[in-house]
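Input: a single structure, listed below in structure tokens.
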Amino acid sequence: MAKEKLPVRSKKRKGGEVFERDRYDVFNEMDRLFNQFRSSFNDLFYRNVPQESTLESETSLMPPVADVVDHGDEFEMNVELPGVSKEDINIEVTPYNIQVSAKKGEDQEKKGKNWLRKERSNLSYYRSFDLPDEIKSDDVEAKMKDGILSVTMPKENPTPSYESKKVKVK
């Protein structure tokens, strides 16, 4: 059985030839498969994350990179949210949990543009952390600078700091 060849039309234009593909584009298919894999991966590890969007609406859910440090009397968390303004960030705290969510996207009108390639889309960021010690929810402070969200969470009962000792291996 002979394989069906995909039709390719050639159009002569100034400056050379431009090839148009009909029906099938390998790069679009690879993008679709990768998005399907990422969606399945996120479903496996982020089941409790509120899914506000779908790929059909051109919005993606991304877990932002975050560092959490225990300073003894407070927790410090730094979250990378590139391109997100502080007005688009939502932080919710309980005595033992913090949730950070943010939206970044284009509010531009999409109609009437002749897109050659569109790779930027709306992004939703979400992270949630359970904390080992109770925090003072009313005293939590957050600052945004250069795409880094810094959150300080004072502890209700500070934990003592311990000095480490070197142990000689025999």
(request) Identify all residues within the range 42-100 that are assigned to a strand (DSSP E or B), modelled with pLDDT of 85 or more and aliphatic (A, V, I, L, M); write none if there are none. (result) ALA66, VAL68, VAL69, MET77, VAL79, ILE89, ILE91, VAL93, ILE98, VAL100
(message) Residue pairs, Cβ under 6 Å, 6 or more apart or interchain, first in the range 129-153 and modelled with pLDDT of 95 or more, second of a type in the set (Gly, Ala, Ser). List them.
(response) LYS143/SER150; VAL151/ALA142
(message) Could you list, ordered by first residue, the pairs with Cβ atoms under 7 Å in which the first is in the range 79-94 and of a type outside the set (Phe, Trp, Tyr) and the second is in a loop (DSSP other than H, G, I, E, B) and exposed (fewer than 15 other Cβ atoms within 10 Å of the Cβ), at least 6 apart or interchain?
(response) GLU80/VAL65; GLU80/GLY147; LEU81/GLY147; PRO82/GLY147; GLY83/GLY147
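The values are calculated or read from the model by the stated rules, or taken from the named source; none is laboratory data. Keep in mind that what you see is a predicted model, and the values were worked out from it rather than measured. No Cβ is skipped: glycine too gets one built from the backbone with ideal geometry, and neighbour counts run over all protein chains shown.
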